[in-house]
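> Supplied in structure tokens, the structure appears directly below.
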Amino acid sequence: MPDVTPAWQFASDNVSGICPEAWQSLEEANRDCVPSYGDDAWTERAADLLRETFETDCEVFFVFNGTAANSLALAACCQSYHSILCHELSHVETDECGAPEFFSNGTKLLLLPGANGKITPEGIETIARRRTDIHFPKPRVVSLTQTTEAGTVYSPGELLGIAHATRKLDLRLQMDGSRLANAVASLGVNPREVTWQAGVDVLCFGGSKNGLPLGEAVIFFDRALADEFEYRCKQAGQLASKMRFLSAPWIGLLENGAWLRHAAHANAMAALLEGRLRALPGVEFLFPREANGLFIRLPELVIAALRVRGWKFYTFIGSGGCRFMCSWATQPEDVEALATDIARAL
Ligand SMILES: *Cc1c(COP(=O)(O)O)cnc(C)c1O
């Protein structure tokens, strides 16, 4: 057994293991033989639970990861001559190796600036109206991330503003919800209020970072967009033959609200870390802490000292910028240990 040191705890929320609820469903799904390729009762139950969670009759597909979910969902909204409007820090732009463009056969990403990782209705209008001639890729879909890549959360009002702009411009709205659970827990809203009731046509709902072994759900609230999506999944290598092992863990996660409890716990751990660090001089907060991630600027010497102590964390946010993510598995002792080491290093 490899030694899983707590030093990895804060590198990402996907370093965590499988939560007990998902593990139990997986174990139960392993007891007998069932039909393959998703024609099984586990997959049906998981999809039904997602419909219950969002309180609407949506189309549901299970894929292996977020890159596939985003790329295929966006491809379903676009023709190759269209464009996708997204934040310049968005995962679809910075972390998917061109997969959204690849799976949509060349659809172009148009980048929007915006404070705290958020796009705005004004930003959407500016880009969408900049060119309307045949020489420019026609804007077709807006992609936004909830919780954002900066760890911030769009309020229901902000989402409605964006939805209003997209409707006015005849654009579709896709949500990268790899951390939607953390946003729902943070806002204390009903999931439907920040998804289809806020104008989202297709949602990529994250499971991997919230306690699943792996997997994300692509949820079409606009069911017409899901037409032939199963072929897209199959062609992209995203149709699991033993689908129940991708779908069943969702049952444990959703059935008794574990998804929200785990997300709230992750948020609380980040809040605890924030509280410890607010008390220290020399820590600059880069974005408001609204969910399970904390973004701070530390002196380079402090970063080096933390690395020597074995802490793993990402510093892709520019000079001195450090990201610390908490997950369902993060424990208060881990937070205390990190905070203590940061205080010492300062
Ligand atoms: C983690 C993450 C994803 C999913 O990434 P994969 O590695 O492809 O599963 C998507 N969007 C955001 C914002 C993420 O942080």
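The values are calculated or read from the model by the stated rules, or taken from the named source; none is laboratory data. Given the structure is predicted, the values throughout are model-derived calculations rather than measurements. Note: ideal-geometry Cβ built from the backbone for every residue, glycine included; neighbour counts use all protein chains shown. The protein model used for the area step is the full one, side chains on, heavy atoms only, and it has no ligands, DNA or RNA in it. Shrake-Rupley method; radii C 1.70, N 1.55, O 1.52, S 1.80 Å.
> So who's got an amide H within less than 5 Å of the one on Ala240, skipping anything under 5 residues away but keeping other chains? H placed 1.01 Å off N, in plane.
It is none; the list stays empty.
> In debye, nearest 20: dipole of the chain around its Cα centre with unit charges on the Cβ of K, R (+) and D, E (-)?
Using only the charged Cβ atoms, the result is roughly 900 debye.
> Could I ask something else about it? Please work out how much length the chain gains when fully extended from Gln235 to Arg130, using 0.36 nm per residue of separation minus the C-alpha to C-alpha distance, in nm with one decimal.
34.3 nm
> For the range 34-81, run through the GluC sites (Glu not before Pro) and keep only the ones in DSSP coil with at most 15 other Cβ atoms within 10 Å of their Cβ.
Passing both the DSSP loop test and the Cβ count: Glu55.
> Another question about this same structure. Show that you can apply the helix-only estimate: for the chain, add -39,500 (n - 2.57) for every DSSP H stretch of four or more residues, divide by all residues, and state [θ] at 222 nm to the nearest 500.
-12000 deg cm²/dmol
> Continuing with the same structure: Going by average Cβ density within 10 Å per residue, which order do the peptides 327-333, 160-166, 126-132, 142-148 take, highest to lowest?
142-148, 160-166, 327-333, 126-132
> Carbon-plus-sulfur fraction of the accessible area of the chain, 1.4 Å probe, in percent?
52 percent
> Quick one: which residues, 5 or more positions from Ser12 or on another chain, have an amide H under 5 Å from its amide H? H modelled 1.01 Å from N in the peptide plane, none for Pro or chain starts.
Met325
> List the chymotrypsin sites (Phe, Trp or Tyr not before Pro) in the range 253-326 that DSSP assigns to loop (not H, G, I, E or B) and whose Cβ has at most 11 other Cβ atoms within 10 Å. Which are they?
The qualifying sites are Phe316.
> Pairs Lys118/Lys138; Lys118/Lys234; Lys234/Lys312; Lys209/Lys312; Lys168/Lys234; Lys108/Lys312: which exceed 25 Å Cα-Cα?
In this structure, Lys118/Lys234; Lys234/Lys312; Lys168/Lys234; Lys108/Lys312 lie more than 25 Å apart at Cα.
> A further question follows. Under a GNM of the chain (C-alpha, springs under 10 Å), which listed residue has the highest mean-square fluctuation: Thr67, Thr107, Thr315?
Of Thr67, Thr107, Thr315, the most mobile in the Gaussian network model is Thr315.
> Report relative contact order for the chain in percent, whole number only (criteria: Cα-Cα under 8 Å, sequence separation at least 6).
Normalised by residue count, the contact order of the chain is 25 percent.
> Can you give the accessible area per residue of the chain, in Å², using a 1.4 Å probe?
Value for the chain: 43 Å² per residue.
> Ok, one more. Placing +1 on the Cβ of each Lys and Arg and -1 on the Cβ of each Asp and Glu in the chain, which of Gln235, Gly114, Gly211 has its Cα farthest towards the positive end of the resulting dipole?
Gly114
> While we're here: In the Gaussian network model of the chain, springs joining C-alpha atoms below 10 Å, which of Asp39, Asp133, Asp222 carries the largest mean-square fluctuation?
Asp133
> Which whole-Hz couplings ³J(HN,Hα) result when phi for each residue of the range 305-322 is put into the Karplus expression 6.51 cos²θ - 1.76 cosθ + 1.60, θ = phi - 60°, listed in order with x for Gly and Pro?
5, 5, 5, 4, 6, x, 5, 10, 6, 8, 10, 7, 8, x, 4, x, x, 10
> Here's a follow-up. Once R0 is set to 35 Å, what does the formula 1/(1 + (r/R0)^6) return for the Cβ-Cβ distance between Val34 and Gln331, expressed as a FRET efficiency to the nearest 0.05?
0.45
> Something else about it: What residue among Pro281, Pro249, Pro35 shows peak mean-square fluctuation when the chain is described by a Gaussian network model with Cα springs under 10 Å?
Result for the chain, Cα springs under 10 Å: Pro281 fluctuates most.
> Across the range 332-338, in residue order, what do the Karplus-derived ³J(HN,Hα) couplings come to in whole Hz, using 6.51 cos²θ - 1.76 cosθ + 1.60 with θ = phi - 60° and x for Gly and Pro?
Using θ = phi - 60°, the values come out as x, 4, 5, 4, 4, 4, 5 Hz.
> Explain nothing, just compute: Karplus ³J(HN,Hα) = 6.51 cos²θ - 1.76 cosθ + 1.60, θ = phi - 60°, for every residue of the range 184-190 in order, whole Hz, x for Gly and Pro.
Coupling constants for the range 184-190: 4, 5, 5, 7, x, 9, 7 Hz.
> Residues with beta-carbon under 9 Å from that of Thr107, excluding Thr107: net charge, scoring Lys, Arg +1 and Asp, Glu -1?
+1
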